[in-house]
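The structure under discussion appears below in the form of structure tokens.
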Amino acid sequence: MSEKHNITNIKKRIDRIEDILAAVAAGDLDARINSETEDDLSGIEAAIDLLIDDLTDELKQREKMQKEVEDKLSKIQEQQKTIVQQQEDLLELSSPVSKVWDNVLILPVIGTLDSQRTQIMMENLLEKIVETGCTISILDITGVPTVDTQVANHLLKTVTSARLLGAECIISGISPAIAQTIVHLGIDLSSIKTKATLQDAMIFAMRQNKRTDDIKLQSLYINPNEKEE
Amino acid sequence: MKIDLHEKRIPIIKIGNYLIVSIQVDMHDKLAIQLQSQILDEIEKTGAKGVLIDISVLEMVDSFIGRMLSGMASMASIMDTAVVIVGMQPAVAITLVELGLEMPGVDTALNMENGMEMLEKRLREEDNETFESH
Amino acid sequence: MTSDKNWEELGRKNLESENDIVMARQLVRHYAKQLRMGIVDQTRVTTAVSELLRNMYNYAGGGEIKIFSGLVDEKDALIITCSDSGPGIEDLELAMSDGYTSGMGMGYGLPGAKRLVDRFEIQSKVNVGTTVRIIKWR
């Protein structure tokens, strides 16, 4: 082998190394030098191939991980959507207003009250009052752990609005903790009829009912002018 | 009676001891003031013992109309006539309360029937009191 | 005030008589309904407009109302601007305090309207005029 031939050969091989490296840099991870000759340069060539192998592995792993993360993220987003949807459903469901007796509506409230929920609750109750024509409604908050100023104000607003419609709203089931908070917050609930338990509220409502019935009967059968004689 | 075509007048109907007013139009302020004096005039003329004001079709009551209504109730009350506001819509009630107009001392009823019962009850209670004091 | 680029103007109305107040608030109700706002929010925003327009009519003798829909802080909103070229308000803080009235027997007007909407912006210059912008989320 002549010296010159040898040099051109080496130059070719170096060119090939350059080409391969350029291909890898451009993203072709399958490119390899795969040298068949055995000499000093082939060691370097083999080492470069190995490096490319390692790099390929690394990149593939990263891609896989990224895909996994993306999958998980979309799954989480999906779940979040469901949660929001369920929360909205829950908001609707969590204020069931039912007519339990002639002229009496009950709205049992369970769970933590926030401003938005109280707002929806209030609108539901008032709509129902107008719809059914019931003049007494009981807002039972036995299942409510705490109230803050805002929620207490919403409750107050509900009762006042109900009065403007021409209906009475009683709040029952005020726990010691809530009573303490209300007084500490300086909220004046004195204008509101409150009862300790739902049972007390029911009894009150029935009495109120009976009174109106009595009055109706009275006006039907007894003329006050005749009563005196 | 002279009818001015440019002025919407709200009719006031008398039934027995009571006057019934049904507000069917979105009132501007002048019309609200006019209605107030119209009702008071009618109370004097007929000697009505109670007034039912139906606002069930009103989609909005602002502070002016709100104060006209509660003022009306106090004025009528001095003339010994009870006023009941009937049929306020829930959205209107919520808005009024948020506005700061809770209308204390104004009697309200869900519907005409309830309103009528309230007036009857009040009238009878007064009758009973008169008898007891004699 | 918040910028008004990219807002769609829905309607406007000049305020010259008391009857215009009635028409303007019916216009507001109409667009609030069209934007699918709930019945209580419709009533709130209509009532707030009624309060503002009455103030404008009583103190400035008239003015103009413009109704927009658009994005405010990346949320869909109904935006209403009421402007007049009246005497202006000298002490805004006082005018915004509850129960304040300058003799027309109001005292619910501005603070009342503020409570009914999600955002309330007011600008006033004595002898130049007053502009109030109210924003309600949809």
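The values are calculated or read from the model by the stated rules, or taken from the named source; none is laboratory data. Here the structure is a predicted model, which means the values were calculated and not measured. Quick reminder, even Gly has a Cβ in these numbers, built from the backbone with ideal geometry, and neighbours come from all protein chains shown.
If B:GLY100 meets every condition in (1) more than 26 Å from A:GLU123 (Cβ to Cβ); (2) in contact with an Asp or Glu (Cβ under 8 Å, 6 or more places away or on another chain); (3) within 14 Å of chain A (Cβ to nearest Cβ); (4) modelled with pLDDT under 90 apart from one, which number is that one?
Looking at each condition in turn, B:GLY100 falls short on (1).
Quick check on this structure: which one of B:LEU69, B:LEU40, B:LEU52 is more than 14 Å from chain C (Cβ to nearest Cβ) and part of a helix (DSSP H, G or I)?
Checking each option against the conditions leaves just B:LEU40.
Among the residues that make up the stretch A:172-185, is at least one of them part of a loop (DSSP other than H, G, I, E, B), within 14 Å of chain B (Cβ to nearest Cβ) and more than 21 Å from A:GLN116 (Cα to Cα)?
No.
Which one of the conditions (1) under 30 Å from B:VAL83 (Cα atoms); (2) without any contact (Cβ under 8 Å) to a residue 24 or more places away in the chain does A:ALA162 fail to meet, given that it meets all the rest?
All conditions pass for A:ALA162, except number (2).
Going by the structure shown, is A:VAL151 buried (at least 16 other Cβ atoms within 10 Å of the Cβ), within 13 Å of chain B (Cβ to nearest Cβ), of a type in the set (A, V, I, L, M, F, W, C) and part of a helix (DSSP H, G or I)?
no
As an exercise: evaluate B:THR108 against (1) touching a Ser or Thr at 6+ places or on another chain (Cβ under 7 Å); (2) touching a residue at least 24 places away in the same chain (Cβ under 8 Å); (3) not in a helix (DSSP H, G or I) and give the number of the one condition it does not meet.
With respect to (1) touching a Ser or Thr at 6+ places or on another chain (Cβ under 7 Å); (2) touching a residue at least 24 places away in the same chain (Cβ under 8 Å); (3) not in a helix (DSSP H, G or I), B:THR108 is out only on (1).
Please tell me if A:ILE106 is part of a strand (DSSP E or B) and within 48 Å of the chain's Cα centre (by Cα).
yes
Determine whether A:ARG207 is in a helix (DSSP H, G or I) and either surrounded by 15 or more Cβ atoms within 10 Å (Cβ to Cβ) or within 14 Å of chain B (Cβ to nearest Cβ) (or both).
Numbers: in a helix (DSSP H, G or I): yes; either surrounded by 15 or more Cβ atoms within 10 Å (Cβ to Cβ) or within 14 Å of chain B (Cβ to nearest Cβ) (or both): no.
So A:ARG207 does not fit the description; no.
So how many residues does the stretch C:21-48 have that are in contact (Cβ under 8 Å) with a residue 40 or more places away in the chain and either in contact with a His (Cβ under 9 Å, 6 or more places away or on another chain) or more than 9 Å from chain B (Cβ to nearest Cβ) (or both)? Quick ask: steps written out before the conclusion?
Start the filter on the stretch C:21-48 by keeping residues that are in contact (Cβ under 8 Å) with a residue 40 or more places away in the chain, which leaves C:24, C:27-28, C:31-32, C:35-37, C:41, C:44-45, C:47-48.
Filter once more, keeping what is either in contact with a His (Cβ under 9 Å, 6 or more places away or on another chain) or more than 9 Å from chain B (Cβ to nearest Cβ) (or both): C:24, C:27-28, C:31-32, C:35-37, C:45.
The qualifying residues number 9.
Looking at B:SER22, B:SER63, can you tell me which residue is touching a residue at least 24 places away in the same chain (Cβ under 8 Å), among the hydroxyl-bearing types (Ser, Thr, Tyr) and away from every other protein chain (no Cβ under 11 Å)?
B:SER22
Would you please list the contacts, defined by Cβ atoms under 8 Å and residues six or more apart or on different chains, that run from a residue in the stretch A:97-110 that is loosely packed, with under 13 Cβ neighbours inside 10 Å to a residue that is at pLDDT 85 or above and small (Gly, Ala, Ser)?
Taking only residues 6 or more apart or on different chains, not a single pair turns up.
When you look at B:ALA32, is it over 30 Å from A:THR158 (Cα atoms) and away from chain A (no Cβ under 14 Å), yes or no?
It is false that B:ALA32 is over 30 Å from A:THR158 (Cα atoms) and away from chain A (no Cβ under 14 Å).
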